[in-house]
Amino acid sequence: MTKFANDVEAADALADAYRKLSAEIGRVIIGQHEVVRLVLTGIFCHGHSLLVGVPGLAKTLLVQTIAQSLDLQFKRIQFTPDLMPSDIVGAETLDKERNLRFVKGPVFANIILADEINRTPPKTQAALLESMQEYAVTIGGVRYELPKPFFVLATQNPIEQEGTYPLPEAQLDRFMFNIQLTYPAFKEEIEVVKNTTSDEQREVTKLLNAADIETFQHLVRRVPVPDNVVEYAVSLVSKTRPGTATASPLANEYLEWGAGPRASQYLVLGAKCNALLNGKYSPDIEDVQAVARPVLRHRLVRNFKAEAEGISVDNLVERIMA
C-alpha cells in the first residue's frame with residue numbers, strides 16, 4: 001500500500017480495506033459479521049481481544065483466518081494446566097560454549113492466539129501481562145521488544161469451569177474487547193455444514209501487511225473527536241461506578257464494581273475506528289454505543305442481587321445507555 005496524500009485519503013483506504021477483509025474472511029467464516037468487525041476494530045486500535053463462546057463456534061478458525069488475511073507472523077499457544085511461563089516468553093539456555101543464550105518463545109510474533117487462556121494457572125497467565133501492556137518481555141533483567149504490530153487474541157469457554165482458572169481482573173482490563181460468539185442462524189449453519197464436510201479447501205488472500213496496519217493505527221489516533229462524544233463516553237463509564245456521585249441507580253442496585261478510566265479510553269478509540277470503518281471521518285455518540293458492550297462487558301462486576309435475578313452485564317449496559 002502506498003503512502004497517502006492526506007488523512008481523508010487514508011480514511012477512505014481503511015474503509016475499503018475493511019470491506020475487502022470482511023469479504024475475504026467471510027469466504028471461510030460464515031456469519032459472525034459483528035465478531036469480525038470487532039476483532040478488526042481491535043487490531044486497528046492496537047488493542048487485544050478476548051473471544052468467549054461455547055466449543056464449536058469456530059473461535060480458533062476465526063483467528064487463524066484473520067491472521068491469514070493479514071501478512072503477519074502468527075503463533076498459536078494452547079493453554080494447558082501444565083504450561084509454564086517460559087513456554088510462552090522463552091528462556092535462557094546454555095549453548096555449546098556454556099554461554100547463556102536467550103531462546104525466544106512463541107510470544108515473539110505479530111498475532112498471538114492464546115487458545116483457552118483460562119485453562120492455565122495464574123502464574124502462566126501473568127506471563128502475558130507485560131507483553132500485552134508493554135509490548136516487551138524481560139528475561140534475566142534484559143528487555144526484549146516484541147515485533148510490531150502485536151496483538152493477543154485469546155479464546156475462552158464460558159460453560160466449562162472444571163480445571164479452569166478465571167482470569168484476574170488486572171489481566172481482563174488489558175483486553176480492549178470481550179467479544180461473545182453466539183450460535184449461528186439456521187441457514188448459516190446449513191452453509192457451515194456444507195462447506196466443512198466437502199473436500200474443497202478455501203485459501204485466504206493476504207490483503208494488508210504490518211506497515212499498512214501501523215499506518216491505519218496511527219490514523220485512528222489522529223481522528224478528531226467532538227467534545228460531546230468524549231463527554232458521553234466518560235459519562236457512560238462513570239455511571240457504572242456504584243457509590244459515586246455520578247453513579248446510575250442501576251449501578252448502585254446491581255453492580256459491585258464499575259469500569260476504570262481504561263474503559264473510557266477504549267470507548268473513544270473504538271468509536272473513532274468504528275466511524276472510519278463506516279466511511280465517516282469523525283465519530284458520534286452512536287459510534288460509542290456500537291462498542292460499549294464489548295468494552296464494558298468484562299469490566300463490570302455484578303453483585304449478588306444481579307446474579308440472583310439473572311440480570312446480565314449486557315442488559316445493564318443497555319439500560320444505563322438508555
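FYI, it's all coordinate maths here, none of it is from the lab. Not measured: the values here are computed from a predicted model. Reconstructed Cβ throughout: ideal geometry from the backbone, glycine too, with neighbour counts over all protein chains shown.
Miscellaneous remarks
- For the chain, the C-alpha radius of gyration divided by 2.2 N^0.38 Å, with N the number of residues, is 1.04.
- Helix-only [θ]222 nm of the chain, DSSP H runs n ≥ 4, -39500 (n - 2.57) each, per residue, nearest 500: -13500 deg cm²/dmol
- Under a 5 Å amide H cut-off, with hydrogens placed 1.01 Å from N, LEU255 pairs with ASN303 among residues at least 5 apart or on other chains.
- Those residues of segment 209-228 whose amide nitrogen sits under 16 Å from the label point placed on ALA15, 7 Å along Cα→Cβ: 220, 223-224
- Along the chain, the exposed loop sites are GluC sites (Glu not before Pro) outside DSSP states H, G, I, E and B with at most 15 other Cβ atoms within 10 Å, and the longest stretch free of them is 204-308.
- Pairwise centroid distance, computed over Cα atoms, of segment 244-288 with segment 1-48, Å: 21 Å
- Each residue, ASN228 and GLU145, gets one label point 7 Å from its Cα in the Cβ direction; the gap between the two is 4.2 nm.
- Percentage relative contact order, the chain, counting C-alpha pairs under 8 Å, at least six apart: 22 percent
- Segment 1-94: trypsin sites (Lys or Arg not before Pro) in DSSP loop, at most 13 other beta carbons within 10 Å: LYS3
- Computed from the C-beta positions of GLU286 and GLU97, the FRET efficiency with R₀ = 45 Å rounds to 0.10.
- Distance (nanometres) between label positions extended 7 Å along Cα→Cβ at THR246 and TYR135: 2.8 nm
- Label sites at GLU203 and ASN278, each approximated as a point 7 angstrom past Cα along Cα to Cβ, lie 3.7 nm apart.
- Difference of contour (0.36 nm per residue) and Cα-Cα distance, ASN195 to LYS75: 40.7 nm
- Karplus-derived 3J(HN,Hα), 6.51/-1.76/1.60, for each residue of segment 168-185, Hz, glycine and proline x: x, 4, 4, 7, 4, 5, 7, 7, 5, 10, 10, 9, 9, 9, 10, 5, x, 5
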